[in-house]
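Heads up, the thing below is written out as structure tokens.
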Amino acid sequence: MKVFYFSGTGNSFYVAKKIAAANPQSEIISIPRFLKENKKRLENDEIVIVSPLYFYGIAPVVLRFLEELEFENIRYFSAIFTAEFPNGLAINELKKICRQKGIPLNSCAYIKMPTNYVIKSKLLEPASIEPALLLADKKIEKLARIIKNRGAYLEKDRRIYAFITSAEKYHQQWQLDFPQFDAKFLCTEACTSCKLCEKSCPVGNITVTQQAHWEGHCAACLRCLNICPQKAIQYTHATEDKGRYFNPRVRIKELS
Ligand SMILES: Cc1cc2nc3c(=O)[nH]c(=O)nc-3n(C[C@H](O)[C@H](O)[C@H](O)COP(=O)(O)O)c2cc1C
Ligand code: SF4
Ligand code: SF4
């Protein structure tokens, strides 16, 4: 089994690791790295993808992975989206892609995790993070058992119509704005040129000279902003007085 993940701040990687641990002989693969290697095809495989939810939908880098790759004889396919609010458009988007590409959608779920969206969301207080992860563990373990047995699970859609229409508009606007996402990053004088952000960016979108510079092909994962040890990275001035989030059960070096 191949467990593909995209993760900015560790939540989705944490889930991917647990799913892989419950499935002997599985392999964990970073989606950005896989795309960088220019791989074009997956065949005769069992696949799990784990990714954060972005603006109610599938993160653009994961969408690219699903749309660009050829899938042939996929024997089992499961998707898990980690999110602050485990609800959205992603499962419907995924059902459509799977239909078009002839991929079976055996299981699909959301898992509630602490948010990393410092720009607008209220981050959890440090004391609330561990209880939130313990709660997430219960659902991860349930899904790991289902996937181990190659079972079926489709998350119930609890959305009301008003939510669906407003979420769709929000998501469409985000898709339009996404190519300019990194234009609003700022690097302040607190930067020590340590290059942690440059080394850690999953898509190689940062160059550090005296300060960090963004190159216009960001995946919007907010890892750079959340991990900078000097809090030198801001997203407009809106993030200046806010905290930062990185999954405490993951080490930055584990991610790619
Ligand atoms: C650009 C962006 C958009 C997001 N949009 C949503 C959203 O629409 N709904 C939600 O519940 N969480 C949203 N989040 C929060 C993340 O989905 C959530 O914290 C996720 O678990 C992060 O996973 P990661 O640590 O693997 O990156 C967003 C985060 C980012 C960076
Ligand atoms: S991680 Fe922060 S301090 Fe280090 S180079 Fe990047 S912006 Fe500067
Ligand atoms: S520039 Fe920052 S937000 Fe964009 S992909 Fe790299 S680490 Fe993520």
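The values are calculated or read from the model by the stated rules, or taken from the named source; none is laboratory data. Note that the coordinates shown come from a computational prediction; the quantities given were computed from them, not determined experimentally. Methodologically, a virtual Cβ is constructed for each residue, glycine included, from the backbone with ideal geometry; neighbour enumeration extends over all protein chains shown.
Data overview
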| read-out | value |
| --- | --- |
| Total residues in the range 73-123, condition assigned to a loop (DSSP other than H, G, I, E, B) and over 16 Å from V48 (Cβ atoms) | 19 |
| Positions within the range 187-199 being more than 8 Å from ligand 2 (Cβ to nearest atom) and within 19 Å of G8 (Cβ to Cβ), in sequence order | K199 |
| Restricting the range 210-226 to residues that are within 11 Å of ligand 2 (Cβ to nearest atom) and in contact (Cβ under 8 Å) with a residue 60 or more places away in the chain, the residue that is farthest from E189 (Cα to Cα) | R223 |
| Number of positions in the range 215-226 that are more than 8 Å from ligand 3 (Cβ to nearest atom) and assigned to a helix (DSSP H, G or I) | 1 |
| Options K112, K122, K95: the member that is modelled with pLDDT under 95 and farther than 30 Å from R41 by Cα | K122 |
| Top-ranked residue of the range 229-241 - restricted to ones that are away from ligand 1 (no atom under 15 Å from the Cβ) and not aliphatic (A, V, I, L, M), ranked as nearest to C191 (Cα to Cα) | Q230 |
| Residue selected from the range 176-218 under the condition of a type in the set (A, V, I, L, M, F, W, C) and in contact with a Pro (Cβ under 6 Å, 6 or more places away or on another chain), by the criterion farthest from ligand 1 (Cβ to nearest atom) | V203 |
| All strands (runs of 3 or more DSSP E) inside the range 13-58 with 1 or more residues being small (G, A, S) | 27-30, 46-54 |
| Residues being near ligand 3 (Cβ under 10 Å from one of its atoms) and either under 11 Å from I233 (Cβ atoms) or of a type in the set (A, V, I, L, M, F, W, C) (or both) - total across the range 197-213 | 5 |
| Filter result (surrounded by fewer than 21 Cβ atoms within 10 Å (Cβ to Cβ) and either more than 16 Å from the chain's Cα centre (by Cα) or touching a residue at least 60 places away in the same chain (Cβ under 8 Å) (or both)) within the range 90-102 | N92, K95, K96, I97, C98, R99, Q100, K101, G102 |
| Hits in the range 1-47 - residues which are farther than 20 Å from M113 by Cβ and of a type in the set (V, I, T) | I29, I47 |
| Residue within the range 177-191 that is in a loop (DSSP other than H, G, I, E, B), in contact with a strand residue (DSSP E or B) (Cβ under 8 Å, 6 or more places away or on another chain) and touching a residue at least 40 places away in the same chain (Cβ under 8 Å) present | yes |
| Residue check, Q234 near ligand 2 (Cβ under 9 Å from one of its atoms) and either small (G, A, S) or outside the structural domain of F6 (by TED's automatic domain parsing) (or both) | no |
| Checklist (1) part of a helix (DSSP H, G or I); (2) charged (D, E, K, R); (3) closer than 25 Å to Y14 by Cα applied to K231, failing item | (1) |
| Any hit, the range 162-184, residues being of a type in the set (S, T, N, Q) and either within 14 Å of ligand 3 (Cβ to nearest atom) or at pLDDT 95 or above (or both) | yes |
